[in-house]
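The values are calculated or read from the model by the stated rules, or taken from the named source; none is laboratory data. Only a predicted model underlies this, so the values are computations on that prediction, with no experimental measurement involved. Neighbour counts are summed over all protein chains in view; Cβ atoms, including those assigned to glycine, are modelled from backbone coordinates with ideal geometry.
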Amino acid sequence: MVRRGLHRRPRTGAGRRRVAALGALAAAVVAGVVATMLPLVAADDVSIRAVADTTATTVPEDGDNAVRTTLATCPARCDGNPRGGRDAVIRFAVTTLPATAVNVRATLRVYAWGAFAATVTAHASPVDAAAARPAPAPPGPALDRVTGVRPGFNEWDVSGLVTGNGTVTVSLAQTGLETRIYWASTENRDPDLRPRLLVTYDVGDPPSPAATTRPAVPPSPSAAPARPAPEPSPTVEATTAAPRPTQSPPAGPTGCGEVSAKLVPSCGAWWGMYAPASAAIGWDHGRAVDDVEAQVGRRFDIVHRYHDFSNTGSNGAFPDVYERRQMREGRLLFFAWESRIFSSGTVLTWADVYGGRYDATIDAVAARIRDTGVPVFLGFDHEPEDEPAKGSDADFVRAWRYVHDRFAAAGADNAVWVWTMMGWSGHYDRYAGLYPGDRYVDWVAYDPYNFHACNGSRVWKSPSETIGPFYRWLDEHGIGAGKPRMLAEFGTNVDAADPTAKRRWFEEFPAALKAHPKIKAAVYFNSAGMTTTTATCDMTMNHDASALAGFIRAGRDDHLRQPTPGSR
């Protein structure tokens, strides 16, 4: 798809995409520090956006507070109503604290438009911040209070809630003024007014290697390449050491050649391809795959296609005739379903999806997938962190769950749900808030690329350096623990100074997969539209004979040749 080339390019003014503001390294040593004290080598600040918020209320006329642009607080007697109390509830996902963080301090910042003679107290809260209209619940102990609300940001010290990485939920309860105060929510149109959690910490001595795994490292301005805006894949990672898995790979049936109900191969990994059709071949999506398979001398296990919400033609009325033939021939289909209309470029919103506006389309696709009678991979809105026009992270989660539940109601139990992220470290603080939950996800996927000169750098990443960082981050943060993993898109650029570099990259790829055993499928994104194609930037696997030879050799590795119909 043409869009695939656009969202990979640098953007200017993309403040939304980088949310971690890191402090400068502390250079001075305080005289007289006792030698037995913990040495502090750095002080970092991390600004974390809320992943969900709502107003807890028992007032009947209050609607879906989880999607409003404002939060409200009011005491039990509010605006003359003896049962009109409201609490603002906000949830944050803290994911970037290193294991060596000490002296952690957390400040909640929430924006008000006016001055009010009220006291507002922050508490730990058991309320579901993503619920539409939850009832207020007995709060936890008071953390901090503001006496006299001021225009602009008001701040509460909530350090007692943040002792490490994890999810924290705070409620704001009001006393002293029996009328509502409105606060900016995560849905506010101005991102600068949305609630934030400012976390600061010092870095102490690392724990013993025997007692801990490698901590996640926040992105550092000094390590980032010079460019006008962040790229989907940074050019400097925290480490290039060979990864050491901390968890066993997802369990499947015993014996190679068997496949679980969720399409997990019992050994090795699926080998897949996205091969776009073009006007030159009459938009024949079947031939696009056939032509590539003829070049590599084997059938792909997975065929990846992108579809829209039009519910018409090959773009929206899927599975289409080409995909049905590929199913009959033994391939697995992976549908990446996007809430947009390809022909017009119209972007749909997640609020409209979960609001029911596209129920007829969802139900029609569910019925067609159900009627195929075979398991298929299905992903709703891959890379949602790069879709600000569609809504908030909480909106994405609600839309995903809504679509999933309509498929279940339609009996489309053969849909295997693939949650696909970029996997870029600049979004690490958002992934917990974008995860729909284990009940709604079958596979965890991401899209690693060795961009090399395509993003203006000169760093060449090996296959392990390309796929390893987010793999380790998932291990360390427990997102989708126990789920099989997929490279829903992956690719590598050329090295203009070394014509054989791309061939060697492909030849090294199977070993990299074996070193990351939870990855049970890898799908190459073979599109010249991935990035601007130039003499120094070409992501296609078959752009020259050397690259194709390396790709062919990779596809012959036993790890990528399960004795199933797609690999024979």
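Checking residue 478 against (1) in contact with a Pro (Cβ under 8 Å, 6 or more places away or on another chain); (2) more than 26 Å from residue 560 (Cα to Cα), only one condition comes out false. Which one? Result: residue 478 fails condition (1) only. Beta carbons closer than 7 Å, at least 6 apart along the sequence or on distinct chains, pair a first residue in the stretch 172-193 that is closer than 19 Å to residue 390 by Cα with a second that is among the polar types (S, T, N, Q) and loosely packed, with under 15 Cβ neighbours inside 10 Å for 185/69; 187/69; 188/69; 189/69. Scanning the stretch 273-329 for residues that are assigned to a helix (DSSP H, G or I), under 16 Å from residue 365 (Cβ atoms) and among the small types (Gly, Ala, Ser) gives 313, 314, 316.
Of all residues in the stretch 100-136, those satisfying the criterion of being surrounded by 16 or more Cβ atoms within 10 Å (Cβ to Cβ) and aromatic (Phe, Trp, Tyr) are 111, 116.
Residue count for the stretch 50-93 under the criterion of being farther than 24 Å from residue 350 by Cα and surrounded by 15 or more Cβ atoms within 10 Å (Cβ to Cβ): the result is 12. Residue pairs whose Cβ atoms lie under 8 Å apart, sitting 6 or more positions apart in sequence or on different chains, and linking a residue in the stretch 516-541 that is not assigned by TED's automatic domain parsing to the domain that holds residue 475 and among the aliphatic types (A, V, I, L, M) to a partner that is surrounded by fewer than 24 Cβ atoms within 10 Å (Cβ to Cβ) and outside any loop (DSSP other than H, G, I, E, B), do not occur here. Considering 275, 317, the condition of being under 29 Å from the mean Cα position of the chain (by Cα) and surrounded by 22 or more Cβ atoms within 10 Å (Cβ to Cβ) is satisfied by 275 alone.
Among the residues of the stretch 137-153, which ones are within 21 Å of residue 111 (Cα to Cα) and surrounded by 15 or more Cβ atoms within 10 Å (Cβ to Cβ)? Talk me through it step by step, then tell me what you get.
Our first condition is that a residue be within 21 Å of residue 111 (Cα to Cα); within the stretch 137-153, this holds for 142-153.
If the condition is that a residue be within 21 Å of residue 111 (Cα to Cα) and surrounded by 15 or more Cβ atoms within 10 Å (Cβ to Cβ), then 143, 144, 145, 146, 149, 153 are the ones that fit.
Checked against the criterion of being among the charged types (D, E, K, R), under 19 Å from the mean Cα position of the chain (by Cα) and at pLDDT below 80, the stretch 17-27 has at least one qualifying residue. Residue count for the stretch 152-181, restricted to those that are over 14 Å from residue 119 (Cα atoms) and not hydrophobic (A, V, I, L, M, F, W, C): 10.
To keep it simple, each residue is scored yes or no on (1) part of a loop (DSSP other than H, G, I, E, B); (2) in contact (Cβ under 8 Å) with a residue 40 or more places away in the chain; (3) over 26 Å from the mean Cα position of the chain (by Cα).
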position	(1), (2), (3)
59	yes, no, yes
63	yes, yes, yes
66	no, yes, no
91	no, yes, no
98	yes, yes, no
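When 255, 313, 297, 356 are checked against the criterion of being modelled with pLDDT under 95 and within 25 Å of residue 402 (Cα to Cα), a single residue qualifies: 313.
Scoring residue 262 on the criteria (1) among the charged types (D, E, K, R); (2) touching a residue at least 60 places away in the same chain (Cβ under 8 Å); (3) within 29 Å of residue 549 (Cα to Cα) leaves a single failure, condition (3).
I'd like to check something: does the stretch 338-349 contain any residue that is crowded, with 22+ Cβ neighbours inside 10 Å, touching a Gly at 6+ places or on another chain (Cβ under 9 Å) and either in the same structural domain as residue 131 (by TED's automatic domain parsing) or of a type in the set (A, V, I, L, M, F, W, C) (or both)? Among the residues of the stretch 338-349, not one is crowded, with 22+ Cβ neighbours inside 10 Å, touching a Gly at 6+ places or on another chain (Cβ under 9 Å) and either in the same structural domain as residue 131 (by TED's automatic domain parsing) or of a type in the set (A, V, I, L, M, F, W, C) (or both), which makes the answer no.
Residues considered: 110, 146, 127. Of these, the only one that is part of a strand (DSSP E or B) and within 28 Å of residue 351 (Cα to Cα) is 110.
Scan the stretch 397-418 and tell me whether some residue there is touching a helix residue (DSSP H, G or I) at 6+ places or on another chain (Cβ under 8 Å) and either modelled with pLDDT under 95 or part of a strand (DSSP E or B) (or both). Yes, the stretch 397-418 contains a residue that is touching a helix residue (DSSP H, G or I) at 6+ places or on another chain (Cβ under 8 Å) and either modelled with pLDDT under 95 or part of a strand (DSSP E or B) (or both).
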